[in-house]
Each structure stands twice: as structure tokens, then as C-alpha cells.
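> Here it is, the structure, as C-alpha cells.
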Ligand code: FES
């Protein structure tokens with residue numbers, strides 16, 4: 001065994017000054033021969049309580065098998081994980097985004113503290129992937145990710161269902177357009193088993209883009225959770241990990257500026273989640289790569305939206321398998337000059353080399369991916385906006401189906417829950433711009449997702465008749481005319497804190513402007529009356545988060561001064 005392969009773990013296994021550590025390793029079952037081997041930490045975000053993560057501990061066992069078969073020691077450990085589908089309202093959702101940084105911290109903590117030579121993260125839900133990517137970037141020890149895989153669709157009365165169907169059923173209930181029996185039927189059948197939410201929502205967005213970044217084996221984002229290919233991928237990780245260790249290929253060799261461009265290009269082409277912006281800003285900062293909101297807008301400007309995937313389109317991630325998977329989509333984008341082919345990946349080969357054997361998209365037979373010549377939208381759907389309502393930026397998701405400009409009257413909600421109340425009372429009407437504030441990284445805290453309000457709006461049939469702006473986030477499942485990540489947030493005295501019912505607001509997705517039609521003088525008067533709210537938490541994990549978190553335009557990182 002070359003010293004390169006076990007350069008960290010040898011501190012425990014080779015140095016005479018660490019007899020206790022060595023004794024413990026014998027205690028967990030390692031042999032004398034194992035003491036010479038590289039040690040790979042396998043970080044699983046698995047736990048039983050939700051479908052996105054319920055199978056990850058099982059996948060980790062296959063990963064461990066592949067590691068052992070390739071002459072290394074694999075040791076499974078666990079991090080926390082929160083499923084966004086279950087973080088109900090602010091009380092739960094406040095913990096979601098902070099979980100990303102806790103995952104990063106915990107992987108960093110174990111891998112450094114236990115002297116692992118490499119790390120493999122087995123991840124499944126929205127925050128697991130960026131959390132693990134941040135950890136890999138910080139650690140810069142050979143490593144990669146395995147995606148738990150997308151979920152299969154559910155079915156009720158011949159209709160395909162997913163998690164968003166459950167949320168939208170609530171809106172239909174408010175609107176009186178669904179029977180109690182069908183409401184229960186949708187809820188009971190929406191989720192058929194293990195896997196991450198099945199559209200191009202945040203988990204599948206992060207999974208496909210981290211594959212484009214070169215941090216997973218090819219097809220990791222394509223295989224559904226219950227597909228045989230997922231198990232085979234886990235076992236194949238061992239051979240790839242050995243190459244990474246032997247060649248000392250580290251995450252920062254992969255996570256280059258060009259690789260971030262590749263990741264975000266895929267997000268744009270596939271119509272991915274707004275959350276990807278927040279996460280890639282944070283991951284880039286962890287990797288010390290210069291990658292800003294402006295870079296993201298530039299990529300959006302040059303990348304057409306070509307995927308007819310949910311939430312705004314028709315198809316699910318499971319359907320992508322049949323058309324050649326994510327490698328086929330990447331190959332098409334690469335051939336068309338939209339992806340950099342010379343980026344290193346965890347296979348030890350470049351993107352171009354990995355794609356050489358990938359299948360080609362067949363535009364005669366498949367209808368999920370459109371040709372670049374006839375895209376669904378000529379530019380990306382994610383638009384960075386500025387204006388007096390968002391002097392440090394905001395993020396809109398405009399797929400083109402909603403139109404590109406919305407002008408309306410503000411209906412202010414000081415909390416997410418108020419939207420549901422107003423919808424139930426019929427107070428949200430066509431032409432309203434629903435302003436949901438005090439939901440930012442510090443004010444929320446934790447920048448909760450407005451999944452319930454957006455789904456309820458859709459379900460109530462208000463879809464493209466209203467717009468929504470917030471200093472919180474939107475779920476990857478969101479569609480409609482929505483602008484989130486408004487920065488500065490209300491808690492920090494951003495203009496969003498000063499909006500009143502009836503104010504006119506323009507959302508201009510052509511010129512990327514978010515404007516409140518209130519004079520500077522009037523805003524200055526209103527500001528005199530504004531007082532920063534008391535923090536919702538002063539202690540505990542959220543107290544720490546409120547003190548440390550940066551703005552959404554800075555990726556909500558928590559480890560910078
Ligand atoms: Fe976990 Fe959607 S809530 S992937």
C-alpha cells in the first residue's frame with residue numbers, strides 16, 4: 001500500500017503513538033491486514049422516517065461491499081437529514097436549510113476527526129446533496145456522491161401522482177373541487193415507496209447537476225431508487241474510489257469553475273429548482289471558486305430550457321431512464337457546445353470521455369427533451385432580478401408559460417400561514433401579488449419553502465392569475481409566477497418589510513426588474529416606523545443559525561465571518 005492511499009488513516013494505524021485508536025479499530029473488527037489499507041468513510045443521510053432517505057442505509061451497505069472488494073476499509077457513519085416534504089409550516093421548515101450546513105459540518109467533523117482517507121456520501125433529499133458537496137469541497141480528500149435515486153410515480157384512478165399532487169389536493173379541497181374520498185385517495189397513493197420526489201424538483205435538480213459536475217458515477221441521477229442499476233452503481237463505487245485515491249484526484253480538481261458552469265447549465269436546460277442557485281453559490285464558496293449570481297444569469301441567458309419535466313412540464317424523472325438517462329442529455333448539450341468536456345470526474349476520466357459511450361437522444365421517438373432549435377424557452381427559466389424591492393437580488397422562476405411580466409396589487413402576508421388563511425377566506429384574488437415576508441434566512445428563520453402557499457394557489461385555480469414574491473424560498477415543485485430569495489430580507493430591513501396592502505408591484509422578467517411603485521420619500525417615512533423584530537430564537541441550533549447565516553445572495557453560508 002503506497003503511503004498516498006492511506007495518508008490520513010496511517011496516523012492511527014501506523015504511528016506508535018496511537019495505540020488506543022488502533023485497539024478500537026481492532027475492536028470494530030479490522031484485521032492486521034486491514035491496518036495497511038486506505039479507510040473510506042461512508043456518510044449516509046439515511047433514516048427510516050421518510051421516503052427520500054429510508055433506503056440509504058441499505059445502499060451504504062452495498063457501497064461498503066464495493067469498497068472492501070477493492071482492497072479498502074469502508075466504515076459507515078450517519079449524518080442528520082430532514083425531509084422537506086415533512087417539515088410542516090415554519091415550525092418544521094425552519095430546520096430544513098440549516099440541515100444542509102449541519103450535514104456539511106458533521107461530514108467534515110467525522111472525516112477529519114477519524115482520519116478517513118476518502119469519503120463517499122450516500123444522499124437522497126434536497127439538502128443532503130448540497131450539504132455533502134459542501135463537505136467534499138471543504139475536505140478536499142478523494143470522494144464522491146451516490147444519489148439515492150428518484151421515486152416512482154404513484155397512481156390513483158388512472159392519474160399519475162407525486163408529492164406535489166398531495167399538496168395540490170389541498171388547494172382543490174379549499175376550492176371545493178375534490179371529494180373527501182378522492183382527497184384521501186390522492187394522499188394515500190401519491191408516494192409508492194423509496195426515492196426522492198419524482199419531478200425535476202430540488203433533489204433531482206441537485207442529483208442531475210452534481211452528475212454534470214462530475215461528482216457521481218454516470219447515471220447516478222437517472223436510476224430510480226428501486227432500480228437494479230442503483231445497487232450496481234453502489235458496488236461500482238469501490239473501483240472508482242480506488243482510482244481517485246491512487247491518482248489523488250480530489251474534489252477541488254473536479255469542482256472547478258467550468259464544472260460549476262456545467263452543473264448550472266444542466267439546471268437551466270432541465271428546468272431545475274431555484275434552490276440550486278442558493279446551493280451552488282454556497283458550494284462554490286466552500287470550494288473557493290468565484291461563482292456569483294451574475295455568472296448564473298449569464299448561464300441562464302445562453303441556455304435554452306429544453307426539458308418537459310415537472311413541475312412546469314409533463315414528465316417525471318423516472319421517464320428519463322427510457323430515453324438514455326442524464327448522460328444522453330449531457331451528451332447532446334456537450335455536442336452542441338453547451339458543456340465543457342475537459343472537466344475531470346470521479347471516474348478518473350473527463351466528462352467528454354465519460355460521454356463517449358453514452359446513448360444519443362432520439363428526437364423522433366422521445367418527447368421529453370426538445371431540440372435546442374425548438375426549445376420550450378430560448379433562455380433559462382431562472383432569472384436573477386434587482387430593483388428597489390431587491391437591491392441585493394432576487395430569483396424568479398419563469399418558464400414562459402406564466403408570461404414574462406406581472407403587474408398587480410400587493411396582498412401582504414407576514415407569514416406563510418396567512419396565505420392559506422386568505423385563500424380559504426377567498427381574499428386572494430386575480431391580480432394580486434402575494435408578498436410573503438419574514439421568511440428569510442434570519443427572519444424565517446431558515447428561509448422556509450413556500451410549498452404550501454404555491455400549491456394551494458395552484459389548487460385553488462389561481463395559478464397564473466396571481467404572482468408571489470417572498471424573502472423565503474420556493475420548493476423545487478413550485479410553478480407559477482414566483483419570485484423568491486428577495487434580498488435584503490424583511491428581518492434585515494429590506495424594502496419587502498415596508499410593502500403595504502394595495503401597493504403596486506411590477507415583476508418584469510424581460511428586464512429582470514422587481515419594482516415597488518412607492519416613492520423613495522414614502523419608503524423613507526415607512527422605514528422610520530420599522531423596527532427589527534426580535535430574533536425568533538436566541539439559543540439552540542436556530543439561534544446559532546440566525547447569528548451566522550449570510551444572505552440568500554451569498555448562498556446562506558454559515559461558516560464565513
Ligand atoms: Fe425529500 Fe422531496 S422531500 S426529495
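> As a footprinting exposure proxy, order 35, 133 by other Cβ within 10 Å, with the fewest listed first.
Ordered by Cβ neighbours within 10 Å, fewest first: 35, 133.
> So, one more: Mind sorting 365, 506 by how few other Cβ atoms lie within 10 Å of their own Cβ, fewest first?
365, 506
> Given contacts defined as C-alpha pairs under 8 Å and at least six residues apart, what's the relative contact order of the chain, whole-number percent?
Taking the mean separation of contacting Cα pairs over the length of the chain, I get 13 percent.
> Let me ask something else about it. At 222 nm, what helix-only mean residue ellipticity would the chain give, in deg cm²/dmol to the nearest 500, using -39500 (n - 2.57) for each DSSP H run of four or more?
-11000 deg cm²/dmol
> Apply the Kirkwood formula to the chain: the hydrodynamic radius equals the inverse of the mean of 1/r over all pairs of different alpha-carbon atoms; give it in Å with one decimal.
Roughly 23.9 Å, rounded to one decimal.
> Right, something else. Determine the gain in length on full extension of the stretch residue 531-residue 86; use 0.36 nm per residue of separation and subtract their C-alpha separation, reporting nm with one decimal.
Gain on extension, residue 531 to residue 86, equals 156.9 nm.
> Okay, moving on. Please work out the Cα center distance from region 129-191 to region 504-518, rounded to the nearest Å.
32 Å
> For region 382-554, what does the relative contact order come out to in percent, with C-alpha contacts under 8 Å and a separation of six or more?
29 percent
> Right, something else. For the residues 230, 22, 429, what sequence is obtained by ranking on other C-beta atoms within 10 Å, fewest first?
Ranking 230, 22, 429 by Cβ neighbours within 10 Å, fewest first, gives 429, 22, 230.
> Where both partners of a DSSP beta bridge lie in the chain, what percent of those bridges are antiparallel, to the nearest 5?
Roughly 40 percent of the beta bridges in the chain run antiparallel, per DSSP.
> Related question: Using Cα atoms only, what is the angle between the long axis of helix 163-175 and the major principal axis of the chain, expressed in degrees (0 to 90) to the nearest 10?
20 degrees
> Find how many whole Å separate the alpha carbon centroid of region 297-354 from the alpha carbon centroid of region 231-274.
Using only Cα atoms to place each centre, the spacing works out to 13 Å.
> Could you give the angle, 0 to 90 degrees to the nearest 10, between helix 202-212's Cα long axis and the longest principal axis of the Cα atoms of the chain?
Relative to the chain, helix 202-212 is tipped by roughly 50 degrees.
> If you don't mind, there's one more thing I want to ask. I'd like the orientation of helix 257-270 relative to the chain: the angle between its Cα long axis and the longest Cα principal axis, in ° from 0 to 90, rounded to 10.
50 degrees
Rule-based calculations on the coordinates, nothing more; no lab input. Since the structure is predicted, the reported quantities are computational estimates derived from the model, not experimental observations. Every residue, glycine as well, gets a Cβ built from its backbone with ideal geometry; the counts of neighbours run over all protein chains shown.
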